[in-house]
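Report on one structure; see the data block that follows.
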Amino acid sequence: MKKALTVCIITLVLSCSSPLNKKFSEETAKEDIEALKTKIDSSEMELLAVTMMRLKLQDETLEEMTYSDILEQGKKWKTEQEKIEAEQRELAAKALKLENERIKRLSESVLVSCYSKGFTSYDYDDYITYKFIIQNKTDKNIRAIKGSVTFTNLFDETIKSLNLVYDQPLAAGLEETYIAQTDYNQFIDSDKALRNKDLKDMKVIWKPEKIIFEDGTTLE
């Protein structure tokens with residue numbers, strides 16, 4: 001019984017003398033941190049340091065807290081942050097899914113493809129020219145189409161994106177050729193890259209935004 005009591009007292013003394021149970025002090029902080037490195041792992045040390053900084057920025061009085069208290073605060077804050085981040089990821093994934101479904105619906109309705117790219121100059125101005133084929137894949141007549149066309153290299157790196165608005169009637173199931181041009185500026189890298197690269201060495205990505213049908217309905 002006496003031996004058991006002695007063990008309990010020794011355990012209690014060791015527990016009380018643990019650097020984690022020591023209250024924070026600016027004067028001994030450096031020595032305390034060195035002692036703590038032998039008691040907790042590097043991830044907990046990092047969490048302890050971050051929590052101390054955060055509490056100071058919140059004007060909390062660290063001298064009233066033990067290092068154990070501070071670490072527990074940090075673990076609680078980390079758990080809350082991980083929960084928030086998980087909810088954010090879930091929300092972002094849901095939004096991305098909806099966006100992909102929206103683009104798929106639009107892409108299945110109208111297809112735009114660039115089959116020719118050139119260059120021309122007149123009236124002292126330079127232009128990059130394009131020929132697009134636009135296909136109405138729906139069973140309704142289209143009044144107008146809005147979207148964007150992005151030219152990328154073969155590694156999917158963006159060269160240049162263009163806004164595309166086609167506001168001519170397009171009958172159900174038919175396709176039309178659309179000729180367009182954009183200003184060329186020799187001092188803009190994206191313009192130079194687009195002009196100098198052959199169409200066969202690029203990918204053309206059509207991203208529809210809105211379709212207006214002749215009956216007044218829309219798809220977006």
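Taken together, the values in this text are just the output of simple stated rules run on the coordinates, not laboratory data. What you are looking at is a predicted structure, and each value in this text was computed from that prediction instead of being measured. Because the Cβ atoms are built from the backbone with ideal geometry, glycine has one as well, and the counts that use them run over all protein chains shown.
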Checklist entry - Counting only residues 5 or more places away or on other chains, whose amide H sits under 5 Å from the amide H of residue 110 once H atoms are built in the peptide plane? => result 137
Checklist outcome for this item: The pairs in 140/200; 140/203; 22/78 lying past 25 Å Cα-Cα in this model are 140/200; 140/203
Checklist outcome for this item: Shape call for the range 110-219, from the Cα gyration tensor axes a ≥ b ≥ c (a/c under 1.5 means rounded, otherwise prolate when a/b beats b/c, else oblate), comes out prolate
Checklist entry - For the chain, what Kirkwood radius comes out of the mean inverse Cα-Cα distance, in Å? => result 23.9
Checklist entry - What length, rounded to one decimal in nm, is gained on full extension from residue 187 through to residue 50, with 0.36 nm per residue of separation minus their alpha-carbon distance? => result 44.6 nm
Next on the checklist: Are there DSSP H segments in the chain that both extend 24 Å or more along their axis (alpha-carbon positions) and score a mean Kyte-Doolittle hydropathy of at least 1.0? List them, or say none.
Outcome noted: none
Next on the checklist: Looking at the chain, identify the longest residue range that excludes and avoids all chymotrypsin sites (Phe, Trp or Tyr not before Pro) in DSSP loops having at most 16 other Cβ atoms within 10 Å.
Outcome noted: 1-123
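Quick one: length gained pulling residue 81 to residue 174 fully straight, 0.36 nm per residue minus the C-alpha distance?
On the way: separation 93, 0.36 × 93 = 33.48 nm, distance 5.30 nm.
Extending this stretch completely gives an extra 28.2 nm.
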Item to check | Qualifying trypsin sites (Lys or Arg not before Pro) for the range 118-150 [loop in DSSP, other Cβ within 10 Å: at most 15] | outcome: 137
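Between residue 139 and residue 198, take the C-beta separation as r, use R0 = 35 Å, and let me know the FRET efficiency to the nearest 0.05. Walk me through the intermediate numbers first.
Values: r = 37 Å, r/R0 = 1.05.
Efficiency at R0 = 35 Å is approximately 0.45.
Please identify the trypsin sites (Lys or Arg not before Pro) of the range 23-127 that satisfy two criteria: DSSP loop assignment and at most 16 other Cβ atoms within 10 Å. Which are they?
Working: sites: 23, 30, 37, 39, 54, 56, 75, 76, 78, 83, 89, 94, 97, 102, 104, 105, 117; in loops: 37, 39.
In loop regions of the range 23-127 (DSSP not H, G, I, E or B), the sparsely surrounded trypsin sites (Lys or Arg not before Pro) are 37, 39.
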